[in-house]
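Engineer: Take this structure, written in structure tokens, and hold onto it; I'll ask about it next.
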Amino acid sequence: MKHEEVRIRHGRRSGLPLIVAIHSTALGPAAGGIRVRRYPDWRDGLADALRLSEAMTSKNAAAGLDFGGGKSVIALGPDVDLTPELREAALLDLGEVIESFGGAYFGGPDVGTGPDDMVVVRRTTSRVFCLPESQGGTGSSSAPTAVGVFEALRAGATRVFGSASLSGRTVVISGLGSVGGLLARHVAEAGARVLVSDVDDSKRSSGYEWVLPEKALRTPADILVPAAVGGVLSAELVPELSAPMIVGPANNQLTDESVADALAARGIVWVPDFVASAGGAVYILLREIEGLSHAEAMSRVHAIGDTVSSVLDAARANGSTPLREALSLVDARLAGSR
Ligand SMILES: NC(=O)c1ccc[n+]([C@@H]2O[C@H](COP(=O)([O-])OP(=O)(O)OC[C@H]3O[C@@H](n4cnc5c(N)ncnc54)[C@H](O)[C@@H]3O)[C@@H](O)[C@H]2O)c1
């Protein structure tokens, strides 16, 4: 097992399976979101927690944060009716598990949870971040995440097109959610032609050009932005892609690491998701746990562009892939902590 510690508990109030996985505390306390999701079996939730907590170690380390990687999962079975009462009970139960780590892990919002849920979790643990602004927190992480992805886009464009300017570039955004929506605005304001896509048909009225979800990833464009779900870039899809550059906030975009080699072999520059999507984690952890000012935390979000530049430069210089170089960066930080 690569993880330092995993606790699985049957919630005493909710009766639901609760999982907290700490992958690494080498750089500092583990930090990562609290996911509430339906799984065929709770062990699928465990697999998710193991995978996602490891990815958080990479994200926090590559972003230069003194935090390790962790993740929580409240695993709902296929037939569980998640009433507001059950949700509250599960969040209180999970807070107790988080508290039992004595500060080795901090939880925040993730798929299926938001800042308001963190107010509930805080009733049983103080080790929680991303509270609403009305509760002294910094609110949603989407805005700094979108800024970080935008910086990654500009850094990538410099390497791929010779200029950070997005003016006249065609950018396809797959997933017009909290991050995708904000990013679309940044990219449009920078002068790009923006095409958007979402499985939620109501997003058609966003005002941007619309692409059907099943066509989005293959649509001819300069830059493809995966901003919906993970596991969208597979070996089968690579020959059908047409954008020379891919960068987006979606976590765990590759179905497996070999896809990074296939993308590089086709000359497609893929910016590793755990580098590009770190803006929210950077901002929230630095503000709420390390006490930095808005300006100080935002300057660290903007620095994601510098990290992307050095990863892409190293990949070119070493004839390697951006994924390999980003993982080397993570390894170097973890090794330095030993
Ligand atoms: N919010 C953050 O701060 C943050 C930080 C890091 C990473 N991420 C990741 O970025 C991605 C987007 O996050 P978000 O907060 O905007 O989520 P969100 O739930 O607000 O938005 C996701 C959007 O994608 C759409 N979608 C789902 N499946 C789709 C598909 N197959 N094709 C097209 N659209 C689809 C949904 O309808 C929704 O509009 C997620 O993978 C998330 O894990 C988010």
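Engineer: Please give the length that would be gained between residue 38 and residue 296 if that part of the chain were fully extended, namely 0.36 nm times their separation in residues minus their C-alpha to C-alpha distance (nm, one decimal).
Structural biologist: Full extension of this stretch gives 89.1 nm more.
Engineer: Hey, another quick one. Which angle from 0 to 90°, rounded to the nearest 10, does the C-alpha axis of helix 84-99 make with the longest principal axis of the chain?
Structural biologist: Value to nearest ten degrees: 90.
Engineer: Pairs of lysine in the chain with Cα under 24 Å and at least 8 positions apart or on different chains: total?
Structural biologist: Here the count comes out as 4.
Engineer: For residue 10 and residue 313 in the same chain, what is the full-extension length gain: residue separation times 0.36 nm, less their Cα-Cα distance, in nm?
Structural biologist: Taking residue 10 through residue 313 to full extension adds about 104.3 nm, to one decimal.
Engineer: Could you pull out every residue, at least 5 positions away or on a different chain, whose amide H is within less than 5 Å of the one on residue 210? Hs are placed 1.01 Å off N in the peptide plane, and Pro or chain starts have none.
Structural biologist: Under 5 Å from the amide H of residue 210 lie the amide H atoms of 196, each far enough along the sequence or on another chain.
Engineer: With an 8 Å cut-off on Cα pairs and a minimum separation of 6 or more residues, tell me the relative contact order of the range 165-207 in percent.
Structural biologist: 47 percent
Engineer: Separation of the range 275-336 and the range 87-151 by C-alpha centroid, Å?
Structural biologist: 22 Å
Engineer: Would you please put 150-161, 191-202 in order of how densely packed they are, using the mean number of other Cβ atoms within 10 angstrom per residue and starting with the highest?
Structural biologist: Result, highest mean first: 150-161, 191-202.
Engineer: Return the Cα extents of the range 8-120 along principal axes one, two and three, sorted largest first, each rounded to a whole Å.
Structural biologist: Computed over the Cα atoms, the extents are 40, 26, 21 Å.
Engineer: Evaluate 2.2 N^0.38 Å with N set to the residue count of the chain, then give the Cα radius of gyration divided by it.
Structural biologist: 0.96
Engineer: Name the long-range amide H neighbours of residue 128: under 5 Å, sequence gap of 5 or more, or other chain; modelled H, no Pro or chain starts.
Structural biologist: 107
Engineer: Okay, moving on. I need the P(r) histogram for the range 129-182: all alpha carbon pairs, bin width 10 Å from 0 out to the longest distance, whole percents.
Structural biologist: Bins of 10 Å from zero give 22, 39, 24, 13, 2 percent of pairs.
Engineer: To continue, here is another question. When only C-alpha pairs under 8 Å and at least 6 residues apart count, what is the relative contact order of the range 221-279, in percent?
Structural biologist: Relative CO of the range 221-279 lands at 38 percent.
Engineer: Long-range amide H contacts for residue 269: which residues qualify at under 5 Å (H placed 1.01 Å from N, peptide plane, sequence gap of 5 or more or a different chain)?
Structural biologist: Here the answer is 245, 246, since their amide H atoms fall under 5 Å of that of residue 269.
Engineer: Sticking with this structure for a sec: Between helix 142-161 and the chain, what is the angle of the helix's C-alpha long axis to the longest principal axis, kept within 0 to 90° and rounded to the nearest 10?
Structural biologist: 30 degrees
Engineer: Run the helix sum for the chain: -39,500 (n - 2.57) per DSSP H stretch of 4+ residues, divided by residue count, reported at 222 nm to the nearest 500 deg cm²/dmol.
Structural biologist: Counting only the DSSP helices, I get -12500 deg cm²/dmol.
Engineer: Moving on. Go through 217-225, 115-123 and give me the packing order, highest mean Cβ count within 10 Å leading.
Structural biologist: Per-residue mean Cβ counts within 10 Å order the peptides as 217-225, 115-123.
Engineer: Let me make sure I get this right: for the range 208-338, a, b and c are the square roots of the gyration tensor eigenvalues over alpha carbons, sorted descending. Under 1.5 in a/c it's rounded, otherwise prolate if a/b > b/c, else oblate. Which is it?
Structural biologist: In terms of gyration-tensor shape, oblate.
Engineer: Rounded to the nearest 10 degrees, what's the angle between the helix 304-318 long axis and the longest principal axis of the chain, both from Cα atoms, 0 to 90?
Structural biologist: 60 degrees
Every number in this text was worked out from the coordinates using simple rules, so none of it is lab data. The model shown is predicted, which means the values in this text are computed figures rather than measured ones. Neighbour counts run over all protein chains shown; Cβ positions are idealised from the backbone, glycine included.
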